[in-house]
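The values are calculated or read from the model by the stated rules, or taken from the named source; none is laboratory data. None of these values were measured; they are calculated from a predicted model. Reconstructed Cβ throughout: ideal geometry from the backbone, glycine too, with neighbour counts over all protein chains shown. Ligands, DNA and RNA are stripped out before the accessible areas are found, and what is left, the full protein with its side chains, is counted by its heavy atoms. Shrake-Rupley method; radii C 1.70, N 1.55, O 1.52, S 1.80 Å.
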Amino acid sequence: MPTSRGKPHLLDRLVLFPRYTLLVPRSIAREQDILARPQPKEPPRLTSRRIGIHTSSAGGAQNAAERAYRLGCNTFQMFSSSPRQWTPFELARPQCDEMKRLREKYDLKPLVIHTNYLVNLASVNQLFLKKSIEAFRGEIERALALCAEYLVLHPGSFRGADREKGLLQTAAAIAAVAQGLDLARHNLTILIENSAGAEYSLGASFEQVAEVLEHLSNRVPVAACIDTCHTHVAGYDIVSAPGMQDTLQRLDATIGLRQVRVWHCNDAKAARGSKLDRHQHIGKGQIGLAPFDWLLNDAHLAHAAFIAETPIDEPGDDGKNVEALKKLVKK
């Protein structure tokens, strides 16, 4: 399928096969896959906010959209390939077309793709950096093929260098990888996610995320993804009302609230400042329900998508976490 410029369409540059099986870190058997249940007779109750969850792509990319709808979502996040392997899975054109059809049918937007966990664009190991660059290029190409609005990236680890050099290298790598791919024309934005603050990790402070965004300004469409668990364990107070107000003010002064396009809504198993990235069910951890209530009902954040990345300890936990967030929306 040629473009108006006579160049091959992006999908024609991908390896197309009829089989697409995505390995996910959660067992579909444990989840009691919602696609195995009868299709709901009534559409789900939705809210004025875009609320979703990270859904499995097992059986084909398009299945993530169907699962999201049946879980009561109007937005969702997924992996476009294995999150812990370098070799990408094949992405077939019919699945991209079906994904587009289902998203339009169910009004699922935005679609958020989460980058492979192995990717570290700040690595000083040249072989690992090369693999990361190649993998991230594939992430962008698949996100474009799936017509995703956002691609979330962890800024990486600077082990063996220093933080400032790591931030610069991550930004430079993103710009280099995106070269030749017209992200703006395809409405794809790369989101830099804040981190939990583990040793050598980049992005634990809002200032560091803002620095990466500044380096990429006018070069690549970029914005931010803020994870509530990461924010909490990195040391920010989002549990008390005054603390949340101060945290949002700091976020606005550094990154800008309008630049936060996605909130990863995760409760935390660990204490504030612990730097331990352990997600918990909504309202069941150290953060509690109130902070999610404040975020979901803040008019300054109404433009954002709120997506849970909560664990599945028992069948149905994914749906329960979606409903827990939806119940908090007052409008």
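What the table below lists for this structure:
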read-out: Flag for Ala184 being surrounded by fewer than 18 Cβ atoms within 10 Å (Cβ to Cβ) and out of contact with any helix residue (DSSP H, G or I) (no Cβ under 7 Å at 6 or more places or on another chain); value: yes
read-out: Subset of the range 55-79 that is within 17 Å of Phe306 (Cβ to Cβ) and not polar (S, T, N, Q) - its residue that is surrounded by the most Cβ atoms within 10 Å (Cβ to Cβ); value: Ala68
read-out: Every residue from the range 80-100 that is assigned to a loop (DSSP other than H, G, I, E, B) and open to solvent by 10 Å² or more (accessible area, probe 1.4 Å); value: Arg84, Gln85, Trp86, Thr87, Pro88, Phe89, Glu90
read-out: Meets criteria (at pLDDT below 95, under 18 Å from the mean Cα position of the chain (by Cα) and over 17 Å from Glu139 (Cβ atoms)) for Ala58; value: yes
read-out: Among (1) under 26 Å from Glu149 (Cα atoms); (2) in contact (Cβ under 8 Å) with a residue 12 or more places away in the chain, the one test that Ala299 misses; value: (2)
read-out: Residues of the range 307-317 satisfying the condition of being under 20 Å from Thr189 (Cα atoms) and in contact with a helix residue (DSSP H, G or I) (Cβ under 6 Å, 6 or more places away or on another chain); value: Ala308
read-out: Failed item, numbered, when Glu134 is tested on (1) under 19 Å from the mean Cα position of the chain (by Cα); (2) more than 28 Å from Glu323 (Cβ to Cβ); value: (1)
read-out: Residue that is nearest to Ala178 (Cα to Cα) [pool: residues in the range 213-228 that are of a type in the set (A, V, I, L, M, F, W, C) and not in a helix (DSSP H, G or I)]; value: Val220
read-out: Helices (runs of 4 or more DSSP H) contained in the range 229-331 and holding at least 1 residues of a type in the set (Ser, Thr, Tyr) and surrounded by fewer than 20 Cβ atoms within 10 Å (Cβ to Cβ); value: 241-254
read-out: Filtered residue count, the range 91-144, keeping only those that are β-branched (Val, Ile, Thr) and without any contact (Cβ under 8 Å) to a residue 40 or more places away in the chain; value: 4
read-out: Residue match in the range 137-160 (condition: surrounded by fewer than 18 Cβ atoms within 10 Å (Cβ to Cβ), modelled with pLDDT under 95 and not in a helix (DSSP H, G or I)); value: yes
read-out: Close pairs from the range 167-185: first farther than 14 Å from Asn120 by Cβ, partner among the charged types (D, E, K, R) and surrounded by fewer than 17 Cβ atoms within 10 Å (Cβ to Cβ), Cβ under 6 Å, at least 6 apart; value: Ala175/Arg219
read-out: Any chance Gly197 is touching a helix residue (DSSP H, G or I) at 6+ places or on another chain (Cβ under 6 Å), open to solvent by less than 30 Å² (accessible area, probe 1.4 Å) and on the phi > 0 side of the Ramachandran plot; value: no
read-out: Ala210 modelled with pLDDT of 95 or more and either among the basic types (Lys, Arg) or not in a strand (DSSP E or B) (or both); value: yes
read-out: Candidates Lys109, Lys41 - the one that is under 29 Å from Ala324 (Cβ atoms), modelled with pLDDT under 90 and open to solvent by 60 Å² or more (accessible area, probe 1.4 Å); value: Lys41
read-out: Number of the condition not met by Gly166 [criteria: (1) open to solvent by 10 Å² or more (accessible area, probe 1.4 Å); (2) of a type outside the set (A, V, I, L, M); (3) outside any loop (DSSP other than H, G, I, E, B)]; value: (1)
read-out: Residue within the range 101-124 that is β-branched (Val, Ile, Thr), in a loop (DSSP other than H, G, I, E, B), within 26 Å of Ala171 (Cβ to Cβ) and out of contact with any Leu (no Cβ under 9 Å at 6 or more places or on another chain) present; value: yes
